[in-house]
Every structure is written in C-alpha cells, then in structure tokens.
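Right, one structure below, let's go through it.
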Amino acid sequence: VQLQASGGGLVQPGGFLRLSCAASSSISSPNVMGWHRQAPGKQREWVATITTGGVTVHADSVKGRFTITRDNIKNTVYLQMNNLKPEDTAAYYCFADQPGAARSWGRGTQVTVSS
C-alpha cells in the first residue's frame, strides 16, 4: 500500500499542526495505522497508533497534546498536534500494518517548532 503524508511545517511553540496520511485504496481491513517521528541524530520514536475500529494509543511524550484519528472511508489517518514544543521537531512518518503484508511507510513530513 502507498502512503502519502502531508501537513508538516514551521510553527511557533504553543502552536498547532494537523498531519494527514492517505493510504491507497488497496489497503486491506482490518488494519492499524499510525505515526512515528525521528529527530536529527535520534532514533525513530513511536508516536501514536489507531486501529480500524478506532482504538487509539499515544506515547506518553505526546499524550494530552496530540490526537490520532482516522477516516476509514477515505483511508486517511490524521495527527492533530496541539501545544507544540521545540522537542516535537522531527520528521513524522506514517505507517500501516495490514494482514499478510509487511509494514508500509510513508515519506516523512517535516515538523519544525521554533520561535
């Protein structure tokens, strides 16, 4: 399955962004989609996950500030990021896990939090 991520940008501390990740129509159900991020010089870090049924899990570092949602008709997952901090600066990568297939990754979308 192909994943197309968008929505990154430059934002001031305390600001917000909404990332989107659209999966191609070939994605199978049920599936799990989510986000990782990778800051310069650091390992990739898991951010959040959502199942086809809407069950969500968020990393402690973003809990209460980020919210993952999805639109199953559009095969799209979203990451609403509020109260952004400089330490949220990273390339954000969406992923999809579907039955009988290796994990799919989208290209990263850059989020920079700076004044």
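The values are calculated or read from the model by the stated rules, or taken from the named source; none is laboratory data. Please read all numbers here as calculations on a predicted model, not as lab measurements. No Cβ is skipped: glycine too gets one built from the backbone with ideal geometry, and neighbour counts run over all protein chains shown. For the accessible areas, the whole protein counts, side chains as well, though only heavy atoms, and no ligand, DNA or RNA atoms are used. Shrake-Rupley method; radii C 1.70, N 1.55, O 1.52, S 1.80 Å.
Screening Phe66 with (1) farther than 19 Å from Leu3 by Cβ; (2) open to solvent by less than 60 Å² (accessible area, probe 1.4 Å) gives one miss only, at (1). For segment 40-50, the criterion of a residue being closer than 15 Å to Cys94 by Cα, among the β-branched types (Val, Ile, Thr), free of Cβ contacts under 8 Å to residues at least 60 places away in the same chain and surrounded by fewer than 17 Cβ atoms within 10 Å (Cβ to Cβ) is satisfied by no position.
Yes or no, residue by residue, for (1) without any contact (Cβ under 8 Å) to a residue 12 or more places away in the chain; (2) touching a strand residue (DSSP E or B) at 6+ places or on another chain (Cβ under 6 Å); (3) of a type in the set (Val, Ile, Thr):
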{"site": "Asp60", "(1), (2), (3)": "yes, no, no"}
{"site": "Arg70", "(1), (2), (3)": "no, yes, no"}
{"site": "Ala91", "(1), (2), (3)": "no, yes, no"}
{"site": "Cys94", "(1), (2), (3)": "no, yes, no"}
{"site": "Arg103", "(1), (2), (3)": "yes, yes, no"}
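Val1 fulfils the conditions (1) touching a residue at least 24 places away in the same chain (Cβ under 8 Å); (2) not in a loop (DSSP other than H, G, I, E, B) except for a single criterion, (2). Residue count for segment 24-37 under the criterion of being out of contact with any Asp or Glu (no Cβ under 7 Å at 6 or more places or on another chain) and within 15 Å of Thr109 (Cβ to Cβ): the result is 3.
Residues that are touching a helix residue (DSSP H, G or I) at 6+ places or on another chain (Cβ under 9 Å): list the strands (runs of 3 or more DSSP E) wholly contained in segment 33-115 that include at least 2 such residues.
109-113
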